[in-house]
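The values are calculated or read from the model by the stated rules, or taken from the named source; none is laboratory data. Computed from a predicted model, the values in this text were never measured in an experiment. So basically every Cβ, Gly included, is an ideal-geometry build from the backbone, and we count neighbours across all protein chains shown.
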Amino acid sequence: MYELVLTAHSWLRWVALIAGVMAVVMASANSTRADRWGLILVIALDLQFLLGFALYLVLSPNTTAIFANFGAAMRDPGTRFWAVEHVSLMLFAVVMAHVGRVLARKAKSPAAKRKRMLVCFVLSTIAMIAATPWPGMASGRPLLRV
């Protein structure tokens, strides 16, 4: 089960990253498709969050070891990334995508809607990029799991 969820989580990150970039591009271009890409971003991030949450709390042997000695994990950059940084930044990305959609719906003008979506989707996408375990990092992972 662990490998299946981890692989799905790994592959779905590309959907979320592409949706984030496209939501930013469409909002900056003042396209009518910005709202649709924002919805795709929110859906992808929600799925990512559910899979990641299952990994973090139940399935991952890495987090089980981290929680067993949290103090030692905080001293190691690789394990600290998984214990705190990845989770915090990804939660921020999910929240910002949701906030962007809500604020855009409540905007009084199309310009305000565009600006709100753009700011929130940019912040969400930057957080996703920063929290992704890229190859070459201390906690890096392969670009594609098979």
Hey, Ala19 of a type in the set (Gly, Ala, Ser), buried (at least 19 other Cβ atoms within 10 Å of the Cβ), in contact with a Ser or Thr (Cβ under 6 Å, 6 or more places away or on another chain) and part of a helix (DSSP H, G or I) or not: no
Within the range 56-65, how many residues are in contact (Cβ under 8 Å) with a residue 40 or more places away in the chain and surrounded by fewer than 14 Cβ atoms within 10 Å (Cβ to Cβ)? 1
Cβ-Cβ distance below 7 Å, separation of 6 or more or different chains: which pairs start in the range 26-55 with a residue that is free of Cβ contacts under 8 Å to residues at least 60 places away in the same chain and assigned to a loop (DSSP other than H, G, I, E, B) and end on one that is buried (at least 20 other Cβ atoms within 10 Å of the Cβ) and among the aliphatic types (A, V, I, L, M)? Arg33/Met26
Looking at the range 68-86 only, could you name the residues that are assigned to a helix (DSSP H, G or I) and within 23 Å of the chain's Cα centre (by Cα)? Ala73, Met74, Pro77, Gly78, Thr79, Arg80, Phe81, Trp82, Ala83, Val84, Glu85, His86
Ile43: passes all of (1) farther than 23 Å from Met22 by Cα; (2) surrounded by 13 or more Cβ atoms within 10 Å (Cβ to Cβ) but (1)
Does Ser124 qualify as being at pLDDT 95 or above, of a type in the set (S, T, N, Q), part of a helix (DSSP H, G or I) and surrounded by fewer than 18 Cβ atoms within 10 Å (Cβ to Cβ)? no
Looking at the range 41-58, is at least one residue over 17 Å from Ala130 (Cβ atoms) and not hydrophobic (A, V, I, L, M, F, W, C)? yes
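Yes or no, residue by residue, for (1) β-branched (Val, Ile, Thr); (2) surrounded by 15 or more Cβ atoms within 10 Å (Cβ to Cβ):
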| position | (1), (2) |
| --- | --- |
| Phe67 | no, no |
| Met74 | no, no |
| Trp82 | no, yes |
| His86 | no, yes |
| Met96 | no, yes |
| Arg101 | no, yes |
| Thr132 | yes, yes |
| Gly140 | no, no |
| Leu144 | no, no |
